[in-house]
Amino acid sequence: MFANARRRVFGLDLVLLHAPSVWDFRDEVILEGPLADVIPSTIQFEMYPIGLTSIAAYLEANNYNTRIVNIAYRMLRSPRFDPARHLAKIDAPVFGIDLHWLPHVHGALGLAELVKRVHPEAKVLFGGLSASYFHEQLIAYPFIDFVLRGDSTEEPARQLLAALRDGTPLEQVANLTWKRPGGEAVVNELSFVPGDLDWIDVPAYDFMTHAVFKYRSVADFLPYLEWLRYPSTMILNSRGCPYDCAICGGSRTGYRVVANRCAPALRSPEKLVADAQLISSFSRAPIFMVHDPRVGGVGRARRFFELYGAAEIPNELVIELFYPAPRELLELVRDSTRGWSLQITIESADPAIRRVNGKFPVANAVVEETLARALDAGADKLDLFFMVGLSGQTPESARGTIDYCRHLLERFGADPRLQFYVAPLGPFLDPGSRAFERPELGYHRRLTTLEEHRQALLGPTWRELLSYETDWMTRDQIVETTYEVGGALNDLKFDAGLIDAATHDTVARHFQIARETLPRIDAIMALPVAQRRTALARLADQVAAANRASLVADDELKWRASTGFHVTRLLARHVAGALPRELARSTQRLHGRYDTAVTPTGWRLPTG
Ligand code: B12
Ligand code: SF4
């Protein structure tokens, strides 16, 4: 009887797992090159979607025990980590796996197969933007039972767990793709599309800090391998975006296709500031605001900064701009924060290419006015991003990035706050983006099905990973031009004093190794199949070097903070807030009471 009560109170209802990009990357030698140089994760993309925290928090508020386990992070941290052994120790009726970013397809499917092998009785659930796009292909795999579609699955996940527990019909679970016992796929309507973003905690830092104690695991809290050295946190302005950049699966077109969303769901300035206050209560790490503060209009942005200023939040605030900003706005940012930085992705130095893509479709003089205003208004750091692989972009126009950055160096007197970066568009075109859906933009899709994307991830180089070519560049040219522009920018930044010799030399060395290793891998692929694996294994060290910092050094894009955690404050929050809530929840579970939180209001049925 005691054991039953214990299971009832402490038993897990859902485990959310995050897979690496490639399963099992530790046995593979793949030159993935610079695909993760400008993000905090390694090339295995170990950061999990922030929505896993909001799903877990929402379910816990409804008395479902939900745990996040970052398998990718654990595999990276320890070569001895055995996923099968670890999973065998975790028991739950449902295991959820995110396939949010398509470059996870190999890892996510590999992990799903393993879960089904270790726990044949458990149900395997998929979710995320890519899972939503490919739901019908996913449900055809014998080891996948459910896909929850859309960008807001917290409430549908609760409906699913309630239906499984009570044995009620699955037809009633919003956004669910599932199969009948005979294997026939059923696609329920994607009807849960809330119009705002205030009804949940997202990111749910309260849940995450509490989970460190509840599930006794710091490893599952840490979002990426280097977080303790370079901590960062985020607040989420919206789900969905009002803009329609051609290459973005998170654009207006993308969200309509993938999530049945017609307009972004916005988080209110009040909630955003409360989120930032919560972060500052346990960490001094910089806070990234995802999406331009003006996505919900300038008035809303102004209100956010006024509240942010009044709250006197000490953390540095990092914002991004999707279009030029006037002086008043940037001065308001300055006056509301203790420190702030800016990220701007213009993709190309050629305004004609920018017009085709849709981001910053203005003259270079207008872009530069915004840069000048931001520097005048005291931005601590201003990162400008370029891309190779765009519609209309020839190798020559991509090389134009170098001259343009030289011009910016002259114009801004090599201000060390203004830094430049380049990255390739890749490895895949985003499903649902205009680039993926509309051939007239000049992208030639090599890969279409989920299985094709899965196989492509095995490389052996990032040229084979690229899912497309364009009317203007072959895959070879995209690879070659990316390295050419990256190498030149590295030299330019060093010559202008923007980066030190150690940073420059690291990138130059990795970049050189990458370029030398590519033809050696090509030669190996010409060998008989049986000899390839051993020959590739001999290049493992070179490939590891080429997979890091071959365009941008590890430190260049990261913010150092004095500490990631205030451990004592975390503990105090836990004891004063989360622990009493957990006790109340346990009592409710003991009495079989679930689904007690108020179900969301303020969501609307999709209009098409
Ligand atoms: C913020 C952001 C990031 C942040 C990550 C933040 C985070 N930890 O989530 C950073 C900057 C690090 C990032 C990096 C990358 N990103 Co990004 N990112 C975005 C952005 C701007 C917003 C995402 C967002 O609004 N999420 C909120 C909602 C939609 O998701 P969510 O709350 O996390 O999750 C909900 C649902 O998706 C779903 N769900 C998710 N997982 C699961 C799992 C289960 C089991 C279930 C049931 C449900 C479920 O339910 C959740 C709760 O409702 C979008 C563009 C856009 N406008 O959408 C691109 C976007 C998502 N990113 C994209 C890509 C490609 C990447 C990179 C692979 C790029 C690269 N090559 O480096 C990396 C991968 C990083 C990694 N994993 O390590 C593409 C994805 C296209 C695709 N379908 O594959 C997008 C659409 C556009 C783009 N090109 O940038 N990204
Ligand atoms: S790339 Fe464009 S469409 Fe995508 S999130 Fe940014 S502004 Fe929105």
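From 509, 515, grab the single residue that is in contact with a helix residue (DSSP H, G or I) (Cβ under 7 Å, 6 or more places away or on another chain), among the basic types (Lys, Arg) and in contact (Cβ under 8 Å) with a residue 24 or more places away in the chain. Unique residue meeting the criteria: 515.
Do you know which of the residues in the stretch 23-48 that are assigned to a loop (DSSP other than H, G, I, E, B), farther than 20 Å from residue 513 by Cβ and more than 10 Å from ligand 1 (Cβ to nearest atom) is modelled with the highest pLDDT?
Going residue by residue through the stretch 23-48, those that are assigned to a loop (DSSP other than H, G, I, E, B) are 23-24, 28-30, 32-48.
Imposing the further condition that a residue be farther than 20 Å from residue 513 by Cβ reduces the set to 23-24, 39-41, 45-48.
This time we only want the ones that are more than 10 Å from ligand 1 (Cβ to nearest atom), so: 23-24.
On the way: 23: 96, 24: 88.
Looking at the filtered set, the residue picked out is 23.
Say whether the condition of being in contact (Cβ under 8 Å) with a residue 40 or more places away in the chain, of a type in the set (A, V, I, L, M, F, W, C) and part of a helix (DSSP H, G or I) is met by at least one residue in the stretch 418-431. Working first, answer last.
Quick first cut of the stretch 418-431, residues in contact (Cβ under 8 Å) with a residue 40 or more places away in the chain only: 418-431.
Still in the running and of a type in the set (A, V, I, L, M, F, W, C): 418, 420, 422-423, 425, 428-429.
Next, from what is left, pick out any that are part of a helix (DSSP H, G or I): none.
There is no residue in the stretch 418-431 that is in contact (Cβ under 8 Å) with a residue 40 or more places away in the chain, of a type in the set (A, V, I, L, M, F, W, C) and part of a helix (DSSP H, G or I).
Tell me yes or no: at least one residue of the stretch 270-283 is within 14 Å of ligand 1 (Cβ to nearest atom), in contact with a strand residue (DSSP E or B) (Cβ under 9 Å, 6 or more places away or on another chain) and part of a loop (DSSP other than H, G, I, E, B). Checked against the condition, which is being within 14 Å of ligand 1 (Cβ to nearest atom), in contact with a strand residue (DSSP E or B) (Cβ under 9 Å, 6 or more places away or on another chain) and part of a loop (DSSP other than H, G, I, E, B), the stretch 270-283 yields no hits at all. Pairs meeting the criteria (first residue in the stretch 46-71 and in the same structural domain as residue 105 (by TED's automatic domain parsing), second residue aliphatic (A, V, I, L, M) and within 16 Å of ligand 2 (Cβ to nearest atom), beta carbons under 8 Å, at least 6 apart or on different chains) are 47/39; 50/234; 50/236. Here residue 146 does not qualify as in contact (Cβ under 8 Å) with a residue 60 or more places away in the chain and out of contact with any Gly (no Cβ under 8 Å at 6 or more places or on another chain). Filter the stretch 205-253 down to the residues that are surrounded by 19 or more Cβ atoms within 10 Å (Cβ to Cβ), within 9 Å of ligand 2 (Cβ to nearest atom) and of a type in the set (D, E, K, R) and list them by number. Answer for the stretch 205-253, where residues must be surrounded by 19 or more Cβ atoms within 10 Å (Cβ to Cβ), within 9 Å of ligand 2 (Cβ to nearest atom) and of a type in the set (D, E, K, R): just 252. If you check residue 502 against the conditions, is it closer than 30 Å to residue 380 by Cβ and either touching a helix residue (DSSP H, G or I) at 6+ places or on another chain (Cβ under 9 Å) or aliphatic (A, V, I, L, M) (or both)? Yes; evaluated as a whole, the condition is true for this residue.
Does residue 12 fit the bill of being surrounded by fewer than 24 Cβ atoms within 10 Å (Cβ to Cβ), at negative phi and outside any loop (DSSP other than H, G, I, E, B)? Spelling it out, it is not the case that residue 12 is surrounded by fewer than 24 Cβ atoms within 10 Å (Cβ to Cβ), at negative phi and outside any loop (DSSP other than H, G, I, E, B).
Among the criteria (1) part of a helix (DSSP H, G or I); (2) touching a Leu at 6+ places or on another chain (Cβ under 8 Å); (3) away from ligand 2 (no atom under 16 Å from the Cβ), the one residue 365 does not fulfil is (2).
For the stretch 562-594, a residue qualifies if it is surrounded by 11 or more Cβ atoms within 10 Å (Cβ to Cβ), at pLDDT below 85 and assigned to a loop (DSSP other than H, G, I, E, B), and the qualifying residues are 563, 564, 565, 566.
Reported count of residues in the stretch 534-560, each being part of a helix (DSSP H, G or I), more than 23 Å from residue 387 (Cβ to Cβ) and in contact (Cβ under 8 Å) with a residue 40 or more places away in the chain, is 4.
The residues in the stretch 459-479 that are among the hydrophobic types (A, V, I, L, M, F, W, C) and more than 24 Å from the chain's Cα centre (by Cα) can be counted, and the count is 2. Looking across the stretch 301-355 at every residue that is closer than 23 Å to residue 280 by Cβ and within 16 Å of ligand 2 (Cβ to nearest atom), the one that is surrounded by the most Cβ atoms within 10 Å (Cβ to Cβ) is identified as 319. No other residue among 39, 50 is within 30 Å of residue 584 (Cβ to Cβ), within 16 Å of ligand 2 (Cβ to nearest atom) and surrounded by fewer than 23 Cβ atoms within 10 Å (Cβ to Cβ) apart from 50.
Restricting attention to the stretch 481-511, the residues that are within 15 Å of residue 398 (Cβ to Cβ) and among the small types (Gly, Ala, Ser) add up to 3.
Checked against (1) of a type in the set (Val, Ile, Thr); (2) part of a helix (DSSP H, G or I); (3) surrounded by fewer than 23 Cβ atoms within 10 Å (Cβ to Cβ), residue 55 meets all criteria but (3). Restricting the stretch 446-471 to residues that are in contact with an Asp or Glu (Cβ under 9 Å, 6 or more places away or on another chain) and basic (Lys, Arg) leaves a set whose member that is farthest from ligand 2 (Cβ to nearest atom) is 463. Given the structure, is residue 411 in contact with a Ser or Thr (Cβ under 8 Å, 6 or more places away or on another chain) and surrounded by fewer than 19 Cβ atoms within 10 Å (Cβ to Cβ)? Here the answer is no, as residue 411 does not meet what is asked. Of the residues making up the stretch 284-311, those that are within 16 Å of ligand 1 (Cβ to nearest atom) and either β-branched (Val, Ile, Thr) or in a loop (DSSP other than H, G, I, E, B) (or both) are 285, 286, 287, 290, 291, 292, 293, 294, 295, 296.
Summed over the stretch 223-237, residues that are near ligand 1 (Cβ under 9 Å from one of its atoms) and part of a strand (DSSP E or B) total 2. Selection of first residues in the stretch 222-237 that are without any contact (Cβ under 8 Å) to a residue 60 or more places away in the chain and of second residues that are part of a strand (DSSP E or B), restricted to Cβ pairs under 8 Å at least 6 apart or on distinct chains, gives the following pairs, ordered by first then second residue: 235/287; 235/288; 235/289; 235/290; 237/266; 237/289; 237/290.
Among the candidates 273, 290, 258, the residue that is surrounded by fewer than 21 Cβ atoms within 10 Å (Cβ to Cβ) and either within 13 Å of ligand 2 (Cβ to nearest atom) or not small (Gly, Ala, Ser) (or both) is uniquely 290. Figure legend. Inter-residue proximity from the stretch 241-253: first residues aromatic (Phe, Trp, Tyr), second residues more than 9 Å from ligand 1 (Cβ to nearest atom), beta-carbon distance below 8 Å, spacing 6+ or different chains. Indicated pairs: 243/252; 243/322; 243/358; 243/359. Of everything listed in (1) at pLDDT 95 or above; (2) away from ligand 1 (no atom under 16 Å from the Cβ); (3) not acidic (Asp, Glu), the single unmet condition for residue 435 is (2).
The values are calculated or read from the model by the stated rules, or taken from the named source; none is laboratory data. Keep in mind the model is a prediction, meaning the values are calculated, not measured. Don't worry about glycine lacking a Cβ; one is built from the backbone with ideal geometry, like all the others, and counts go over all protein chains shown.
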